[in-house]
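Q: One structure, as structure tokens, below. Some questions next.
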Amino acid sequence: MCGIVAAVSYRNVVPTLLEGLRRLEYRGYDSCGVATVADGKLQRARSVARVHELAEQCEEDGVAGQTGIAHTRWATHGAPEVCNAHPLVSRDHVALVHNGIIENHEEIRRQLQDKGYVFTSQTDTEVIAHLVNDCYEDDLLKAVMKAVGFLKGSYAIAVIASDEPHRVIAARQGSPMVLGIGEGENLVASDAMAIGGVTDQIVYLSEGDVVDLKPDAWTVYAREGEDGAFMPVEREIRVVHAYAGAVELGPYRHFMQKEIFEQPRAVSDTLEGVAAISPTLFGGNAEDIFKQTKRLLFLACGTSYYAALTAKYWIEELAGIPCDVEIASEYRYRVSVPDPDTLVVTISQSGETADTLAALRHARDALGMQKTLTICNVATSAMVHESLLSYITRAGVEIGVASTKAFTTQLTALYLLALTLAKLNGRLNAAKEEEELKRLRHLPVAMSAVLALEPQVMAWAERFAVKQDALFLGRGVHYPIALEGALKLKEISYIHAEAYPAGELKHGPLALVDNTMPVVTVAPNDSLLEKLKSNMQEVRARGGELYVCADGDSVIDTVDGMHVIRLPENYGRLSPILHCVALQLLAYHTSVSKGTDVDKPRNLAKSVTVE
Ligand code: G6P
């Protein structure tokens with residue numbers, strides 16, 4: 001999703017801005033651009049290619065300056081074309097970059113057109129650039145403060161003006177933004193990682209903040225008092241070690257591969273400090289809240305949604321508490337029945353996904369469901385901030401758009417939640433707790449054994465690379481894993497993939513099966529294996545080719561047209577965490593064989609901070 005970096009310094013900021021954009025590339029983007037102020041003039045370079053091509057363009061065109069703004073764009077309003085790439089400029093005077101969506105842009109556009117402003121893009125962003133210019137008298141700060149008062153929607157913006165060469169003004173509402181404090185330079189960015197190479201002194205800006213940045217000074221303003229006037233405010237400076245190493249690829253070909261292989265470490269980090277199953281893992285007052293909990297409502301998007309679906313199986317079985325799982329973008333707009341005794345659990349890698357955040361606020365503010373828990377990979381995110389309880393997964397920065405280690409660490413945290421609720425409900429005795437903890441701690445070793453199957457999965461991937469479609473089947477707690485496997489494959493290899501609970505096969509998808517259709521089956525050695533084998537026969541009888549992820553001890557007679565990979569260990573209830581690793585590898589290697597852009601698949605973004 002869109003990314004912002006801006007800096008004001010005593011040195012040329014363009015290399016810093018470009019490095020920042022490189023660090024934001026993982027979010028996904030379709031165009032990028034930079035603008036600077038130098039000698040009283042704005043300079044700009046924009047591109048629909050990658051950041052390294054933008055860097056070449058800056059070099060060729062001599063784009064430089066001590067004050068600048070930069071952006072990676074993920075198209076919402078207007079196609080991914082150069083004319084729509086940020087920065088957007090108003091009358092050679094104001095240049096602006098923007099994340100978010102301005103809802104009343106059409107109305108403001110009409111008003112500005114009546115005043116003679118000419119629009120050169122289809123973006124909502126250009127409206128803000130002209131609006132700031134229109135509000136400008138002699139002070140960019142005042143102009144931005146006035147302009148944001150007209151905006152409805154979400155924004156994080158950074159603005160420069162040709163006649164204020166040592167100043168950047170930034171503002172945020174509904175879209176994340178951080179301020180970075182350097183030596184003789186100050187910066188803003190969409191996240192701390194973008195500027196981690198320059199400074200570790202970070203201020204997380206609050207909703208509605210406006211910031212005035214100069215090389216040696218910065219001031220944050222917020223609306224204070226009854227008249228809502230902007231006043232200078234204090235904001236806490238935190239030291240954030242922004243994962244400098246995490247953006248290095250090391251020996252891997254792609255970040256996704258690196259992240260798949262980091263999973264044993266990520267799971268083990270997520271379990272660090274878990275000496276016993278206790279509500280305090282989720283926050284100081286979790287015990288009281290959990291004890292009053294009669295039901296859970298999970299809200300999430302994408303891969304995080306599939307983690308929630310998996311958790312439902314675990315929590316209902318282990319703790320005996322009913323769970324509902326909803327796609328956040330649906331929940332936030334549908335009429336549902338509120339229940340104050342329900343624990344609302346949001347799951348999110350980023351903690352900033354617009355739909356999940358809005359669903360959390362809807363549940364809490366509109367429906368009065370005050371008990372909230374977030375399972376999240378980013379401790380400083382809005383979702384964690386806005387929830388009463390939290391569990392921070394320790395996946396580390398995830399760069400690949402297709403989520404992998406965030407998913408398995410979410411599952412780990414959710415299993416801990418299931419065990420905690422089970423214990424509070426008197427369904428987990430000391431011996432069973434010890435056994436469960438032992439199994440969890442052994443999980444990283446078991447995951448490493450699955451990773452060692454990579455060569456076998458690569459052989460499958462070769463065959464998948466020429467396919468148009470694929471079906472994924474699973475049963476019980478492995479049905480969400482089949483869904484996640486299909487999502488991974490379609491996201492990065494662009495092969496159409498669908499997942500079904502295997503029992504549903506004969507109610508529709510079987511019509512799709514012929515000898516061109518690969519059918520991936522998640523077949524651990526559990527109580528549903530015999531049922532699953534019947535479903536596999538239904539596929540074989542129609543000529544479908546079976547790719548079976550089994551356990552070492554799953555009794556499966558291999559026949560022609562059936563390929564079996566055996567995971568070394570049968571891992572009982574935690575088996576989804578192992579089987580999903582095999583499916584991640586399948587998607588990854590299929591994508592590599594096809595030559596698609598693994599880490600930055602077309603049209604997708606890592607962090608979806610707009611609706
Ligand atoms: C995007 C990403 C997915 C992710 C989803 C939810 O679509 O590409 O990988 O699962 O957002 O993101 P979250 O940060 O809330 O888990």
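The values are calculated or read from the model by the stated rules, or taken from the named source; none is laboratory data. Computed from a predicted structure; not experimentally measured. Using ideal geometry, Cβ is built from the backbone for each residue, glycine included, and neighbour counts are taken over all protein chains shown.
Q: Which one of these is farther than 20 Å from D191 by Cα, within 14 Å of the ligand (Cβ to nearest atom) and either of a type in the set (G, A, S) or part of a strand (DSSP E or B) (or both): A406, A413, A431? First the steps, then the outcome.
A: Working: A406 fails: farther than 20 Å from D191 by Cα; A431 fails: within 14 Å of the ligand (Cβ to nearest atom).
Step by step, each of A406, A413, A431 is checked, and only A413 is farther than 20 Å from D191 by Cα, within 14 Å of the ligand (Cβ to nearest atom) and either of a type in the set (G, A, S) or part of a strand (DSSP E or B) (or both).
Q: Cβ contacts < 6 Å: first residue farther than 12 Å from G3 by Cβ, restricted to segment 18-45; second residue among the charged types (D, E, K, R) and buried (at least 20 other Cβ atoms within 10 Å of the Cβ), any location; separation 6+ or different chain. Result?
A: A35/R44
Q: Take the residues in segment 402-440 that are among the aliphatic types (A, V, I, L, M) and in contact with an Asp or Glu (Cβ under 6 Å, 6 or more places away or on another chain); name whichever of them is surrounded by the fewest Cβ atoms within 10 Å (Cβ to Cβ).
A: Going through the qualifying residues, I end up with L419.
Q: Select from segment 175-205 the residues that are within 20 Å of the chain's Cα centre (by Cα) and of a type in the set (S, T, Y) and write down the one among them that is surrounded by the most Cβ atoms within 10 Å (Cβ to Cβ).
A: S190
Q: Report whether or not V13 is at pLDDT 90 or above and closer than 17 Å to S121 by Cβ.
A: For V13, the condition - at pLDDT 90 or above and closer than 17 Å to S121 by Cβ - is not met.
Q: Taking segment 442-469, which residues are buried (at least 17 other Cβ atoms within 10 Å of the Cβ), among the charged types (D, E, K, R) and outside any helix (DSSP H, G or I)?
A: K467
Q: While we're looking at this one, here's another question. Could you figure out which of (1) more than 30 Å from V598 (Cβ to Cβ); (2) part of a helix (DSSP H, G or I); (3) of a type in the set (A, V, I, L, M, F, W, C); (4) in contact with a strand residue (DSSP E or B) (Cβ under 7 Å, 6 or more places away or on another chain) isn't true of I321?
A: Failed condition: (2).
Q: Mind telling me which of the residues I399, I392 ends up being among the hydrophobic types (A, V, I, L, M, F, W, C), under 16 Å from the mean Cα position of the chain (by Cα) and surrounded by fewer than 22 Cβ atoms within 10 Å (Cβ to Cβ)?
A: I392
Q: Within the set of pairs 6 or more residues apart or between chains, which connect a residue that is more than 26 Å from L574 (Cα to Cα) inside segment 313-334 to a residue that is aliphatic (A, V, I, L, M) and crowded, with 18+ Cβ neighbours inside 10 Å with Cβ atoms less than 8 Å apart?
A: S329/A359; Y331/L299; Y331/A359; Y331/A363; R332/A358; R332/A359
Q: Does segment 498-513 contain any residue that is more than 19 Å from G543 (Cβ to Cβ) and either part of a loop (DSSP other than H, G, I, E, B) or within 16 Å of the ligand (Cβ to nearest atom) (or both)?
A: Looking for residues that are more than 19 Å from G543 (Cβ to Cβ) and either part of a loop (DSSP other than H, G, I, E, B) or within 16 Å of the ligand (Cβ to nearest atom) (or both), one finds at least one in segment 498-513, hence yes.
For (1) polar (S, T, N, Q); (2) in a helix (DSSP H, G or I); (3) more than 16 Å from the ligand (Cβ to nearest atom), each residue gets a yes or a no:
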{"residue": "T280", "(1), (2), (3)": "yes, yes, yes"}
{"residue": "I289", "(1), (2), (3)": "no, yes, yes"}
{"residue": "F298", "(1), (2), (3)": "no, no, no"}
{"residue": "L309", "(1), (2), (3)": "no, yes, no"}
{"residue": "Y313", "(1), (2), (3)": "no, yes, yes"}
{"residue": "V325", "(1), (2), (3)": "no, no, no"}
{"residue": "E330", "(1), (2), (3)": "no, yes, no"}
{"residue": "S350", "(1), (2), (3)": "yes, no, no"}
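Q: Shifting gears a bit: From S154, S90, S121, which residue is in contact (Cβ under 8 Å) with a residue 24 or more places away in the chain, within 33 Å of the chain's Cα centre (by Cα) and within 30 Å of E236 (Cα to Cα)?
A: Only one candidate qualifies: S154.
Q: Among the residues of segment 352-372, write down those that are over 25 Å from A605 (Cα atoms) and either within 14 Å of the ligand (Cβ to nearest atom) or not in a helix (DSSP H, G or I) (or both).
A: Of everything in segment 352-372, those that are over 25 Å from A605 (Cα atoms) and either within 14 Å of the ligand (Cβ to nearest atom) or not in a helix (DSSP H, G or I) (or both) turn out to be L367, G368, M369, Q370, K371, T372.
Q: So in segment 572-605, with the set limited to residues that are buried (at least 22 other Cβ atoms within 10 Å of the Cβ) and assigned to a loop (DSSP other than H, G, I, E, B), which one is farthest from the ligand (Cβ to nearest atom)?
A: V598
Q: While we're here: Report every pair of residues separated by at least 6 positions or lying on different chains whose Cβ atoms are under 6 Å apart, first residue within segment 342-368 and in contact (Cβ under 8 Å) with a residue 40 or more places away in the chain, second in a helix (DSSP H, G or I) and away from the ligand (no atom under 15 Å from the Cβ).
A: V344/A363
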